[in-house]
Amino acid sequence: MYEIRIHGRGGQGAVLASAILAQAFVDEGKFAVAIPSFGFERRGAPVSACLRMDVREIRALTNIYCPDCVICVDPTLPRMVDIFAGIKPGGTLVQASGKSVAAIDHPADLATLGLCDAMGIALASFGRPITNSIMLGAFARTTGLVSLAALIGALEAAEFRDAGLEQNRRALARGYAETEVLALAPKFVSPKFVS
């Protein structure tokens with residue numbers, strides 16, 4: 001089982017991103033379940049969403065405390081929330097940030113880091129800091145666990161109130177294309193998910 005925790009702020013679409021990613025996994029023949037966790041339900045407050053993916057049926061519907069991967073859709077969030085809590089040794093971080101790898105705090109035993117200037121792309125694409133579709137593209141590029149085509153298909157099935165489908169398609173593709181993936185030197189290496 002591969003477990004993902006998405007961190008963001010209310011209004012950035014972290015919960016919707018988990019549902020879209022789950023649908024993309026299902027469309028590619030895997031089992032997936034998305035579990036939102038809100039806390040304070042107001043715009044700008046920290047929110048998280050959990051997601052499990054496997055090649056077998058999933059029965060666990062609890063929050064994820066030891067994720068294989070953390071996706072952080074807001075570059076300022078790590079200053080307020082411990083996004084790394086419980087991340088497995090040899091894990092993956094997909095971070096929204098325009099900073100260099102040297103400027104990004106991360107656990108010493110992190111194996112893979114994906115960096116995407118999602119905020120810059122979001123402001124150029126939508127005129128607002130909504131980074132969810134961009135970070136889905138960054139996740140696909142960083143991990144290779146889901147295809148860009150499956151994400152676009154799941155995006156088309158989702159409902160968009162504020163931003164158009166075509167804008168989100170382009171933003172997702174830019175997130176994929178503009179993500180820098182870095183293989184780090186972890187102390188421990190976790191086994192890769194094999195389908």
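What follows is calculated from the coordinates using simple rules that are stated; it is not laboratory data. For clarity, every value in this text was computed on a predicted model and none was experimentally measured. Cβ coordinates were reconstructed from backbone atoms using ideal geometry, including for glycine residues, and neighbour counts include every protein chain displayed.
Before moving on, here are some points about what is shown:
- At 1.306 mPa s and 10 °C, Stokes diffusion of the chain via Kirkwood alpha-carbon radius, µm² per second: 97
- Computed over the chain: relative contact order in percent, which uses C-alpha pairs under 8 Å that are six or more apart: 22
- Order by protection proxy (mean Cβ within 10 Å, highest first), peptides 131-140, 53-62: 131-140, 53-62
- Calculated FRET value between residue 157 and residue 55, using beta carbons and R₀ = 25 Å, to 0.05: 0.70
- Distance (nanometres) between label positions extended 7 Å along Cα→Cβ at residue 45 and residue 26: 2.8
- Compared with the alpha-carbon gap, the fully stretched path from residue 66 to residue 165 is longer by 32.3 nm at 0.36 nm per residue.
- Computed E for residue 149/residue 102 - FRET, C-beta separation, R0 45 angstrom, nearest 0.05: 0.85
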